[in-house]
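Take a look at this one; I'll ask things after.
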Amino acid sequence: MVYKLSSPELTWQDNGAPNSRQFGDIYFDTQSGIEETDYVFIQQNNLTERWKNLPGSSFTIAETGFGTGLNFLCAWDAWLKSGPLDATLHFLSVEKYPLSVDMLKTALKMWPELSALSDELIANYPVICHGLHRISLNQGKVQLTLWFGEASEGFATLNAHVDAWFLDGFAPSKNPEMWSESLFKEILRLSDTGTTLSTFTAAGIVRRGLQSTGFAIKKVKGFGQKREMLKGILEKQPDSFHQRMSEGLPWLSVRSNTPPPKKVLIIGAGLAGSHCAWQLASRGILVDVWEEKKRSLTGRLVTLKV
């Protein structure tokens, strides 16, 4: 396994916006990047309305191509404005050529209206190496999971119920390797009945690939001067969560789909116990910590809630 990843080859516009030399494409529209993300991903997945009537305690978005993190920041911002106060936003994203912290700082200066969120992202941005990275933001109310490496490989490592897909990344004509049959299969595996998707492209390779997995796809008006884009919904998922997550793996490889507990007891307030208690409490779970007193068989109970 090679843990060191290749750096993106960038050129920079005078206003600080990055362009990819590898793919000959832009990361975002420098004039209306936020508006484009809102139209293509937030509106076409009907997120604001869905969040108003959220049936559970969490909502999961998955994205192809983290790039500068602009889509994530826009989703986070929209969640703060429209998401339930007692729910958690999970955002899963993959990136084969992750930007360094310095690159991220330079690119996100373009969007001062998102500076509070981008500063928190930058402060918690992981070390650039192959594999999964989990970042807890907004006091645990936003959970960002990043995979640095190939897109289909990254999604294959995850067990999740994805509610909405942001299919971004560079255009299929410039990056056809990402839009592979294996990626489309992983999108189906991680989706359930009612899962939606949207993408800036209307390319046939993407439309046919998604339709082949069972998504109902239609073309809609693209953003700005772009004529068309795609949106879709999975009208019926024939397999259960357990069947989709296992796919021939032993039972011990399959995570439970049961809801999280409301209260947890941790015995021992050492480094491991204290860290587990804090992480659980930051996710809204009531935690009791039992710690034995020194030279005594009696114990003391501390209740932790943040």
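The values are calculated or read from the model by the stated rules, or taken from the named source; none is laboratory data. Because the structure is predicted, anything quoted here is derived from the model rather than measured. Note that we place each Cβ from the backbone using ideal geometry, even for glycine, and neighbour counts take in every protein chain shown. Side chains are part of the model used for accessible areas, which takes the heavy atoms of the whole protein and leaves out ligands, DNA and RNA. Shrake-Rupley method; radii C 1.70, N 1.55, O 1.52, S 1.80 Å.
Using only the Cα atoms of the range 84-184, build the gyration tensor, take square roots of its eigenvalues as a ≥ b ≥ c, and label the shape rounded, prolate or oblate: rounded if a/c is under 1.5, else prolate if a/b is larger than b/c, else oblate. All intermediate terms of the calculation are to be shown ahead of the outcome.
Working: a/c = 1.73, a/b = 1.26, b/c = 1.38.
Verdict is oblate for the range 84-184.
Can you list the aspartates and glutamates whose alpha carbon is less than 18 Å from that of K109, not counting same-chain residues fewer than 8 positions off?
Hits, sequence-local ones excluded: D14, D29, E35, E36, D77, D119, E120.
In addition: At what distance in nm do the modelled label points of E35 and V127 sit from each other, each positioned 7 Å from its Cα along Cα→Cβ?
Reported label-point gap for E35 and V127 is 4.3 nm.
I've got another one for you. Mind checking the range 169-232 for GluC sites (Glu not before Pro) that DSSP puts in a loop (not H, G, I, E or B) and that have at most 12 other Cβ atoms within 10 Å?
Working: sites: E177, E181, E186, E228; in loops: E177.
Filter output for the range 169-232: E177.
Which pairs in the list K96/K185; K52/K236; K185/K218; K185/K219; K52/K231; K4/K231 are over 25 Å apart, alpha-carbon to alpha-carbon?
Values: K96/K185 19 Å; K52/K236 23 Å; K185/K218 19 Å; K185/K219 21 Å; K52/K231 21 Å; K4/K231 35 Å.
Where the Cα-Cα span goes over 25 Å, the pairs concerned are K4/K231.
When Rg is the radius of gyration of the Cα atoms in the range 33-134 and Rh is its Kirkwood radius, what does Rg/Rh come to? Working shown, then result.
Values: Rg = 13.8 Å, Rh = 14.5 Å.
Ratio value, two decimals: 0.96.
At 0.36 nm per residue, minus the direct Cα-Cα distance, what do I267 and K218 gain on full extension? Give it in nm, one decimal, please. Intermediate values should be presented prior to the final figure.
Numbers: separation 49, 0.36 × 49 = 17.64 nm, distance 5.36 nm.
Using 0.36 nm per residue and subtracting the Cα-Cα distance, I get 12.3 nm.
Find the accessible area per residue for the chain; the probe is 1.4 Å, ligands and nucleic acids are left out, and the unit is Å².
On the way: 15830 Å² over 306 residues.
Result: 52 Å² per residue.
Another one. What is the spin-label model distance, in nm, from Q139 to N46 if the labels are put 7 Å beyond Cα along the C-beta direction?
3.2 nm
Evaluate the distance, in nm, between pseudo-label points positioned 7 Å from the Cα of D14 and of E235 along their respective Cα→Cβ axes.
Rounded to a tenth, the inter-label distance reads 5.2 nm.
Report which label in (i) 51, 50, 38; (ii) 57, 40, 34; (iii) 72, 48, 43 holds the value of Cα extents along the principal axes in Å derived from the coordinates of this structure.
The value computed from this structure is option (iii).
Also, I was wondering about something else. Taking every DSSP beta bridge with both residues inside the chain, roughly what % is antiparallel (nearest 5)?
Values: 29 of 57 bridges.
Antiparallel bridges: around 50 percent, rounded to the nearest 5.
Show that you can apply the helix-only estimate: for the chain, add -39,500 (n - 2.57) for every DSSP H stretch of four or more residues, divide by all residues, and state [θ] at 222 nm to the nearest 500.
Details: 10 runs with 83 residues, N = 306.
About -7500 deg cm²/dmol.
Connecting C-alpha atoms closer than 10 Å in a GNM of the chain, tell me which of F200, F166, F241 has the biggest fluctuation.
In the Gaussian network model the winner is F241.
In terms of modelled amide H atoms, which long-range or inter-chain residues lie less than 5 Å from the amide H of F166?
A62, E63, T64
Ignoring ligands, DNA and RNA, please state the percent of accessible area on the chain from carbon and sulfur, probe 1.4 Å.
On the way: 8340 of 15830 Å².
Carbon and sulfur: 53 percent of the exposed surface of the chain.
I'd like the antiparallel share, as a percent to the nearest 5, of DSSP beta bridges with both residues in the range 1-105.
The antiparallel proportion sits near 40 percent.
Moving to a separate point now. Which trypsin sites (Lys or Arg not before Pro) from the range 81-125 combine a DSSP loop assignment with at most 14 other Cβ atoms within 10 Å?
K109
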